[in-house]
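Chemist: Can you read through this structure? Questions will come right after.
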Amino acid sequence: MDSSFSLYIHIPFCNSFCDYCDFYSVSADKLKSDYIDSYLYALVKDIKNQVKYFSVENIPAAYIGGGSPSVLGSKIGFLLDELNKLQCFKPVEFTIEANSESITNDFLNLCREKGINRLSLGVQTLHTPSRITVNRKGDEKIIKENIETALKYFPDALSFDLITGLPHHNKEIIARDIKSLLEYKPSHVSLYSLTIEDNTALKEKINAKTVAIPDEEYADSLWLFGRNELINAGFNHYEISNFSREGKECLHNMRYWRMKNWLGAGASASGTAIFDNEKRAIRFTYSNDVDAYIKNPFINAALCENLDKNTLLRESLLMGFRCKEGPDPKVFKNRFGKTIEEYIPNSLLKYADRDKMLFLNSFLYDVFNELDSYKS
């Protein structure tokens, strides 16, 4: 097994909850200081245990997500200090997520001082009526002020998250969002189309007809419009939802898409260890339960799955073709003994002149059908 693993750390705390979000988090307002401390101590135990369990020698990329990691405030210092003590912790890229409406100078300065070198800001939209309708805190003025603050600490490594298809959205609003944010010269933009998840407040409001969203066809056109705006501005559309300046792709996420090893620490986090010589993998996922995680922050408490060769092969193709360049051919051949072209020649030929990312569902349908008939 490759001894390099990227690291994902989940911070499941938020000050408020957007109506469309289905990520696991709990209200930071109700938490006592020592409760957050207990969670951070559990994280450190878990990460150290995983490093030992998988004999990790190098962590080249790390990502702290949530939730809202910025709610930790100065407490983030303890976690970062403990990470930096690990001999294997040598990230070329170290990202933290933060809400654009709630970051502070002190938090950003602490992150930068202790090794974080990339900031992902969740903006979603600058359009105030859209934000209010989905219970997203903050307004355009506050967001822009905080982006200016962020630029002082991450001038060359700033990423924005945007969502299209929110209530009240149209092409004029999307264009204005993108134009306004590009003035800050971000190196990376993630552009998502709103997905209505079950068991969310937004789904309930749509069903009750108290909130309206663009219909599916128009929502698709809004995302494509935003995509074209970013491409025309010089961004490389390198993954289905991600755009970057030259050489500024998210290294941590690329490891997901290229199906390379990653550790996952925290309640609801997931990790994957791939045994190339055995053509299999282990995936572990922690439950959505902070209390349980604090009590037992170890892999033996996680749900573990064994991915056999067939499952790993399909995941490698599914994840790899999310990217413009497709799966890493060297990794793929080393893992499965044959090239991608040997496994799915007909599917590749059929889509040779089409952007596989834009037709991913239909492309993968053909790919999996071809794999079902493949004879080794």
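Chemist: Give me, ordered by chain and number, the residues 5 or more places off Glu239 or on other chains with an amide H under 5 Å from its own placed amide H.
Modeler: Lys324
Chemist: So, for segment 1-107, what is the accessible surface per residue at a probe of 1.4 Å, expressed in square angstrom?
Modeler: Details: 4490 Å² over 107 residues.
It amounts to 42 Å² per residue over segment 1-107.
Chemist: Using a 1.4 Å probe over the heavy atoms of the protein chains, calculate the carbon and sulfur portion of the accessible area of segment 40-128 as a whole percent.
Modeler: 45 percent
Chemist: Hey, another quick one. Could you list the residues of segment 168-189 with an amide nitrogen less than 17 Å from a label point located 7 Å from the Cα of Glu148 in the Cα-to-C-beta direction?
Modeler: 180-186
Chemist: Over 29 Å between C-alpha atoms is what I'm after, so list which of Lys333/Lys356; Lys152/Lys295; Lys85/Lys260 land there. Mind dumping the intermediate values first?
Modeler: Details: Lys333/Lys356 20 Å; Lys152/Lys295 39 Å; Lys85/Lys260 24 Å.
Those over the limit are Lys152/Lys295.
Chemist: How big is the Rg/Rh ratio for segment 61-156, C-alpha atoms only, Rh by Kirkwood, two decimals?
Modeler: Numbers: Rg = 14.2 Å, Rh = 14.0 Å.
Ratio of gyration radius to Kirkwood radius for segment 61-156: 1.01.
Chemist: Continuing with this model, one more query. In whole Hz and in residue order, list the ³J(HN,Hα) couplings for segment 234-248 that follow from phi through the Karplus curve 6.51 cos²θ - 1.76 cosθ + 1.60, θ = phi - 60°; x for Gly and Pro.
Modeler: Couplings: x, 7, 8, 7, 8, 8, 2, 10, 10, 9, 9, 6, 4, x, 10 Hz.
Chemist: At a Förster distance of 41 Å, what's the computed FRET efficiency of Lys350 paired with Asn170, Cβ-Cβ distance as r, to 0.05? Mind showing how you got there, number by number?
Modeler: Values: r = 35 Å, r/R0 = 0.86.
About 0.70, to the nearest 0.05.
Chemist: Kindly provide the GluC sites (Glu not before Pro) of segment 223-274 that DSSP labels as loop, not H, G, I, E or B, and whose Cβ sees at most 14 other Cβ atoms within 10 Å.
Modeler: Glu246
Chemist: Another one. Can you compute the equivalent ellipsoid semi-axes for segment 238-323, i.e. the square root of 5 times each eigenvalue of the Cα gyration tensor, sorted largest first and rounded to whole Å? Intermediate results must be reported in sequence, preceding the final value.
Modeler: Values: eigenvalues 132, 70, 19 Å².
The answer is 26, 19, 10 Å, longest axis first.
Chemist: Send over the semi-axes of segment 44-98's equivalent ellipsoid, whole angstrom and largest first, taken as the square roots of 5 times the C-alpha gyration tensor eigenvalues. The partial results should precede the final answer.
Modeler: Values: eigenvalues 84, 31, 21 Å².
Semi-axes, largest first: 20, 12, 10 Å.
Chemist: Please give the contour-minus-distance gain from Met1 to Ala201: 0.36 nm per residue of separation, less the Cα-Cα distance, rounded to one decimal in nm.
Modeler: Values: separation 200, 0.36 × 200 = 72.00 nm, distance 4.28 nm.
Result for the pair: 67.7 nm of gain on full extension.
Chemist: Output wanted: per-residue J couplings in Hz (rounded whole) for segment 42-47, from phi through Karplus 6.51 cos²θ - 1.76 cosθ + 1.60, θ = phi - 60°, x for Gly and Pro.
Modeler: So the J values, rounded to whole Hz, are 5, 4, 5, 4, 4, 4.
Chemist: Shifting gears a bit: So which trypsin sites (Lys or Arg not before Pro) in segment 182-246 end up in coil per DSSP with only 10 or fewer other C-beta atoms within 10 Å?
Modeler: On the way: sites: Lys203, Lys205, Lys209, Arg227, Arg245; in loops: Lys209, Arg245.
Answer in residue order: Lys209.
Chemist: If I model a spin label at Gln87 and Asn296 as a point 7 Å from the Cα along the Cα→Cβ vector, what separation in nanometres do I get?
Modeler: If labels sit at Gln87 and Asn296, their model points lie 3.1 nm apart.
Chemist: Whole number in Å², please: accessible area per residue of segment 138-200, 1.4 Å probe, ligands, DNA and RNA not counted. List each step's numbers first, then the result.
Modeler: Values: 2840 Å² over 63 residues.
Per-residue accessible area for segment 138-200 comes out at 45 Å².
Chemist: While we're looking at this one, here's another question. Using a Förster radius of 22 Å, what is the FRET efficiency between Ser74 and Lys141 based on their Cβ-Cβ separation? Nearest 0.05, please. Present the calculation step by step, with values, prior to reporting the outcome.
Modeler: Values: r = 26 Å, r/R0 = 1.18.
E between Ser74 and Lys141, to the nearest 0.05, is 0.25.
Chemist: Counting only heavy atoms of the protein chains, get the accessible area per residue of segment 209-287 (1.4 Å probe) and round it to a whole Å² value. Don't skip to the end; give the middle numbers.
Modeler: Details: 3390 Å² over 79 residues.
Accessible surface, normalised per residue, equals 43 Å².
Chemist: What number, in percent, do you get for the relative contact order of segment 25-138 if the mean sequence gap of Cα pairs under 8 Å and at least 6 apart is divided by its residue count? Provide the component values of the computation, followed by the final result.
Modeler: Working: 110 pairs, mean separation 28.6, N = 114.
Relative contact order here is 25 percent.
Chemist: Relative contact order for the chain: what percent, with Cα pairs under 8 Å and sequence separation of 6 or more? Display every interim value, and only then the final one.
Modeler: Working: 653 pairs, mean separation 63.7, N = 376.
Worked out over the chain, it gives 17 percent.
Chemist: Still on this structure, I have one more. How large is ³J(HN,Hα) for each residue in segment 156-170, as worked out from phi by the Karplus curve 6.51 cos²θ - 1.76 cosθ + 1.60 (θ = phi - 60°), to whole Hz, x for Gly and Pro?
Modeler: For segment 156-170, the Karplus-derived couplings read 10, 9, 10, 10, 10, 9, 10, 10, 9, x, 6, x, 6, 5, 8 Hz, x marking Gly and Pro.
Chemist: Using the alpha carbon gyration tensor of the chain, what are the three equivalent-ellipsoid semi-axes (square root of 5 times each eigenvalue), largest first, in whole Å?
Modeler: 31, 29, 20
Chemist: Same structure again: So what's the back-of-envelope 222 nm ellipticity for the chain, counting only DSSP H runs of four-plus at -39500 (n - 2.57) apiece and dividing by all residues, rounded to 500?
Modeler: Here the helix-only value at 222 nm equals -12000 deg cm²/dmol.
Chemist: Next question, about the same structure. Taking 0.36 nm per residue of sequence separation and subtracting the Cα-Cα distance, how much length would be gained by fully extending the chain between Asn109 and Tyr218, in nm to one decimal? The partial results should precede the final answer.
Modeler: Values: separation 109, 0.36 × 109 = 39.24 nm, distance 4.14 nm.
Difference between extended and current length: 35.1 nm.
Chemist: Which of the trypsin sites (Lys or Arg not before Pro) found in segment 278-376 are in a DSSP loop and have at most 11 neighbouring Cβ atoms, other than their own, within 10 Å? The partial results should precede the final answer.
Modeler: On the way: sites: Lys279, Arg280, Arg283, Lys295, Lys309, Arg314, Arg322, Lys324, Lys330, Lys333, Arg335, Lys338, Lys350, Arg354, Lys356, Lys375; in loops: Lys279, Arg322, Lys324, Lys338, Arg354, Lys356, Lys375.
Answer in residue order: Arg354, Lys375.
Chemist: Within the chain, what percent of beta bridges assigned by DSSP are antiparallel, to the nearest 5?
Modeler: Details: 19 of 52 bridges.
For the chain, the DSSP antiparallel bridge percentage is about 35.
Chemist: Using only the C-alpha atoms of segment 285-343, find the volume of their convex hull and express it per residue in Å³.
Modeler: Values: hull volume 6.9 nm³, N = 59.
Dividing the Cα hull volume of segment 285-343 by its residues yields 117 Å³.
The values are calculated or read from the model by the stated rules, or taken from the named source; none is laboratory data. Just so it is clear, the structure is predicted and the values come from calculations on it, not from any experiment. In this analysis, Cβ positions are derived from the backbone assuming ideal geometry, glycine residues included, and neighbour counts consider all displayed protein chains. Note: accessible area is taken over every heavy atom of the protein model, side chains too, but ligands, DNA and RNA are not part of it. Shrake-Rupley method; radii C 1.70, N 1.55, O 1.52, S 1.80 Å.
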